[in-house]
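Visitor: Sharing a structure here in structure tokens format.
The values are calculated or read from the model by the stated rules, or taken from the named source; none is laboratory data. Remember, predicted model here, so these are calculated numbers, not experimental data. Neighbour counts run over all protein chains shown; Cβ positions are idealised from the backbone, glycine included. Surface areas here come from the heavy atoms of the whole protein model, side chains and all, with no ligands, DNA or RNA. Shrake-Rupley method; radii C 1.70, N 1.55, O 1.52, S 1.80 Å.
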Amino acid sequence: EDQVTQSPEALRLQEGESSSLNCSYTVSGLRGLFWYRQDPGKGPEFLFTLYSAGEEKEKERLKATLTKKESFLHITAPKPEDSATYLCAVQAPSGGSYIPTFGRGTSLIVHP
Amino acid sequence: DSGVTQTPKHLITATGQRVTLRCSPRSGDLSVYWYQQSLDQGLQFLIQYYNGEERAKGNILERFSAQQFPDLHSELNLSSLELGDSALYFCASSVGGGQGTGELFFGEGSRLTVL
């Protein structure tokens, strides 16, 4: 049972062409939704944490938003160096702990 | 640099063999998480340790085991290896015990190839 679904699977943009990535989730008792960036052959790198609906976080060209059922990662005027896989994770209960469960990611390629 | 160190970076071995992957968490972090990443499955949670004790278990096979030592480093042991075990294995650490206490910091991963 998938708890986290990301779309699209892959996205190609021209430099400067803004777009949004989607992460929908079906968990109860959400204890945080996380966005990570992963470059090929590297470990995921933390970007944002969102805890409650209506919350927004920004970092350079990236802006993350959260509703009760989904999160968006908006990319404004992307550059080629923004090319990476973007992973969404929700912190869900697992026994006595809360374990981040990851989506399969959106592979973003930005062409110059 | 996340501060999480994993060794080895690459490992090639044969079916039926056993390997050990090692992880040193960030200074001050008490929790260690192990994840497996393959092309068809994405990042799958295996197991979490907090301050030396197992805290949570995911879809970890019985052929796999892990432990966290008093100095907080962790090892993931994979035995009776099969072709399907070929994947990237990531270790991550966090300050807290997984009670919704924030983000994970990932190492660079250990790429295991089983031939």
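Visitor: On the full set of protein chains, 1.4 Å probe, figure out the accessible area of B:Thr15 and give it in Å² to the nearest 10.
Guide: 70
Visitor: Would you be so kind as to list the residues of the range A:66-109 that have their accessible area lowered by at least 20 Å² in the full protein complex compared with their chain by itself (1.4 Å probe)?
Guide: Buried on complex formation: A:Gln91, A:Ser94, A:Gly96, A:Ser97, A:Tyr98, A:Ile99, A:Pro100, A:Phe102, A:Arg104.
Visitor: From the Cα gyration tensor of the protein assembly as shown, with a ≥ b ≥ c the square roots of its eigenvalues, which class applies: rounded if a/c is under 1.5, or else prolate if a/b is larger than b/c, or else oblate?
Guide: prolate
Visitor: If you don't mind, another one. Could you order the peptides B:31-39, B:82-90 from most to least packed, using the average number of other C-beta atoms within 10 Å per residue?
Guide: B:31-39, B:82-90
Visitor: What is the interface area between chains A and B, defined as buried accessible area summed over both chains with a 1.4 Å probe, reported in Å² to the nearest 100?
Guide: Details: alone 6320 and 6260 Å², together 10840 Å².
Interface between A and B: roughly 1700 Å².
Visitor: Right, another one. Percent relative contact order of chain A, based on C-alpha pairs within less than 8 angstrom and at least six residues apart?
Guide: Relative contact order here is 36 percent.
Visitor: Going by a 1.4 Å probe on protein heavy atoms, which residues of the range B:30-67 end up with at least 50 Å² less accessible surface in the whole assembly than in their chain alone?
Guide: In the range B:30-67, residues shielded by partner chains: B:Leu43.
Visitor: What does the accessible area per residue of the protein assembly as shown come to in Å², with a 1.4 Å probe and no ligands, DNA or RNA counted?
Guide: Averaged over the residues of the protein assembly as shown, the accessible area is 48 Å².
Visitor: As a quick test, which of the pairs A:Lys42/A:Lys69; A:Lys69/B:Lys9; A:Lys63/B:Lys57 have an alpha carbon distance above 31 angstrom in this structure? The partial results should precede the final answer.
Guide: Details: A:Lys42/A:Lys69 29 Å; A:Lys69/B:Lys9 37 Å; A:Lys63/B:Lys57 33 Å.
Beyond 31 Å: A:Lys69/B:Lys9; A:Lys63/B:Lys57.
Visitor: Sorting A:Lys59, A:Lys68, B:Lys57 by accessible area (1.4 Å probe), largest first, what list results?
Guide: My answer, sorted largest first, is A:Lys68, B:Lys57, A:Lys59.
Visitor: Another question about this same structure. If you take the square roots of the eigenvalues of the alpha-carbon gyration tensor of chain B and sort them as a ≥ b ≥ c, do you get rounded (a/c under 1.5), prolate (a/b over b/c) or oblate?
Guide: Prolate, because a/c is 1.5 or more and a/b exceeds b/c.
Visitor: Calculate what fraction, in whole %, of the accessible area of the protein assembly as shown sits on carbon and sulfur atoms when a 1.4 Å probe is rolled over the protein chains.
Guide: Carbon and sulfur atoms account for 47 percent of the accessible area of the protein assembly as shown.
Visitor: Per residue of A:39-51, what is the mean number of Cβ atoms on other protein chains within 10 angstrom of that residue's Cβ?
Guide: 4
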